[in-house]
Amino acid sequence: MPYVDEGPPREPTKLPPIVPYLAILVAMAVGVVLFWLFYSKMNLNQWLAPILVGPLVGGAMRLSSKRPLPHAGKTAIAAALVACLVGYVVRHIAWIIWLDPTFQPTIGHAFEWLFSADMQSCLLIAMSAYLAFLIAPKTTAARQQAGAET
């Protein structure tokens with residue numbers, strides 16, 4: 001097949017990177033479902049779901065992004081924090097309903113856990129956010145800085 005010159009290279013399109021953000025939302029939803037599944041249905045330990053949320057969010061960002069995302073690390077941290085907080089609230093409500101099946105939770109009960117969180121839960125959430133930050137794709141500035149250090 002002969003070589004055909006297609007002219008100068010095209011500039012990248014300025015479309016918003018919607019696919020990585022959709023992947024983050026799906027990973028966050030899966031993380032919340034893991035909280036509910038592990039605690040309500042399988043009675044597993046408290047540390048498993050938050051530790052899995054971080055790699056889910058970071059991996060979703062890394063695997064779905066074709067180009068560097070602006071503030072990828074900060075986005076991964078925020079997504080992991082939100083997913084863990086929502087997951088713990090869902091777990092708390094499921095636990096209350098398990099104790100008393102006639103209980104009707106309100107918004108106040110949903111946020112009760114946030115104000116009475118134990119230290120282990122806070123450390124697990126922080127670890128999840130750190131794992132998401134480590135796995136998330138690096139931004140262009142971080143790549144340039146890493147290249148300059150070597």
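The values are calculated or read from the model by the stated rules, or taken from the named source; none is laboratory data. The shown structure was predicted, so the numbers you read here are calculated from the model rather than taken from an experiment. In this analysis, Cβ positions are derived from the backbone assuming ideal geometry, glycine residues included, and neighbour counts consider all displayed protein chains.
When the residues of region 90-115 are narrowed to those that are outside any helix (DSSP H, G or I) and at pLDDT below 75, which ends up surrounded by the most Cβ atoms within 10 Å (Cβ to Cβ)? Restricting to residues being outside any helix (DSSP H, G or I) and at pLDDT below 75, the top hit is PRO105. Need pairs with beta-carbon distance below 8 Å; first residue in a loop (DSSP other than H, G, I, E, B) and within region 28-48, second aliphatic (A, V, I, L, M) and at pLDDT 80 or above; sequence gap 6+ or separate chains. Note: pairs meeting the criteria are GLN46/LEU124; TRP47/LEU124.
Within region 114-133, the set of residues being within 10 Å of CYS84 (Cα to Cα) and touching a Phe, Trp or Tyr at 6+ places or on another chain (Cβ under 9 Å) comprises SER121, LEU124, ILE125. Filtering region 90-100 for residues that are in contact (Cβ under 8 Å) with a residue 12 or more places away in the chain, under 24 Å from ALA136 (Cα atoms) and among the hydrophobic types (A, V, I, L, M, F, W, C) leaves an empty set. On the basis of being surrounded by fewer than 17 Cβ atoms within 10 Å (Cβ to Cβ), modelled with pLDDT under 85 and touching a Ser or Thr at 6+ places or on another chain (Cβ under 6 Å), does VAL19 make the cut? Yes, satisfied.
Hey, among the residues in region 45-81 that are under 20 Å from MET119 (Cβ atoms) and surrounded by fewer than 24 Cβ atoms within 10 Å (Cβ to Cβ), which one's farthest from the chain's Cα centre (by Cα)? That would be ASN45.
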